[in-house]
Amino acid sequence: GQQVMQIPQYQHVQEGEDFTTYCNSSTTLSNIQWYKQRPGGHPVFLIQLVKSGEVKKQKRLTFQFGEAKKNSSLHITATQTTDVGTYFCAGPKEAAGNKLTFGGGTRVLVKP
Amino acid sequence: NAGVTQTPKFRILKIGQSMTLQCAQDMNHNYMYWYRQDPGMGLKLIYYSVGAGITDKGEVPNGYNVSRSTTEDFPLRLELAAPSQTSVYFCASSWVAGGLFEQYFGPGTRLTVT
């Protein structure tokens, strides 16, 4: 079945530094979504990418969808303590549906 | 709008007991979902519904049942609770149409089975 893998599993970042987390799917995706979950909280939708090669920015966060639509990345610049949490990518199992397969997440810890 | 609400927030069950986790949304979303999240792990889909009266299994449905009699409510029933069902349970909803598939999550129910 479809698998979605994220690396790294953990990311320790010095405040102010940049980092990138990666998401890889075993199958081609019609779209990919990213969610953030703060410690003790619930997942919150960040963004959806649909087009091959698409790049979207949200302030210090840059999201990219690969050309083959099987991978994605999230790059955070000038990391802040507010960036602490787990970032999940998720892709739909079927082209037209919204039954998502979630990756295992990247847990981000920020050192002040 | 309250969004997606879940009750209870916390629950401790003894092995073999049963309970219903409640979920409600006030956004008139057609799709609703139940996920479980084990410590340090991602989310696994238990059941989902594409509309009132229609439900289907996700990745890990064993030991659970759902019903969807209204657009707003999507309760999850645990029968004969087992320690393996200790987890955080999230309900979510989305409006699937027009290409944007954002899912809105409830605050979760933390369940311990001992």
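Other residues with beta-carbon under 15 Å from the beta-carbon of residue B:42 carry, at +1 per Lys or Arg and -1 per Asp or Glu, a net charge of +4. The residue among B:39, B:82, B:67 whose Cα reaches farthest toward the positive pole of the charge dipole of chain B, with charges on the beta-carbon of Lys, Arg, Asp and Glu, is B:82.
Here the residues B:112, B:70, ranked from fewest to most Cβ neighbours within 10 Å of their Cβ, fall in the order B:70, B:112. Our coupling estimate for region B:93-106, obtained by passing each phi through the Karplus curve with A = 6.51, B = -1.76, C = 1.60 and θ = phi - 60°, is 9, 7, 9, 9, 5, x, x, 9, 10, 4, 9, 9, 9, x Hz, Gly and Pro reported as x. Taking other C-beta atoms within 10 angstrom as a stand-in for reagent exposure, A:70, A:59 fall in the order A:59, A:70, fewest first.
Put simply, the amide H of residue B:100, placed in the peptide plane, has no neighbours under 5 Å, leaving out anything fewer than 5 places away on its chain. Charges were assigned to the Cβ only: +1 to each Lys and Arg, -1 to each Asp and Glu. The resulting dipole of the protein assembly as shown about its Cα centre is roughly 220 debye.
For the pair residue B:20 and residue A:82, what calculated FRET efficiency results from E = 1/(1 + (r/R0)^6), where r is the Cβ-Cβ distance and R0 = 35 Å, to the nearest 0.05?
Values: r = 36 Å, r/R0 = 1.04.
Efficiency, rounded to the nearest 0.05: 0.45.
Quick one: B:80, B:45, A:100, fewest Cβ neighbours within 10 Å first, how do they rank?
Numbers: B:80 10, B:45 21, A:100 26.
Going from sparsest to densest Cβ surroundings: B:80, B:45, A:100.
What is chain B's relative contact order, in percent, from Cα pairs under 8 angstrom and six or more apart in sequence?
After rounding, I find 35 percent.
Bear in mind these aren't lab numbers, they're just calculated from the coordinates by the rules spelled out. The structure displayed is predicted, hence computed values, not measured ones. Cβ coordinates were reconstructed from backbone atoms using ideal geometry, including for glycine residues, and neighbour counts include every protein chain displayed.
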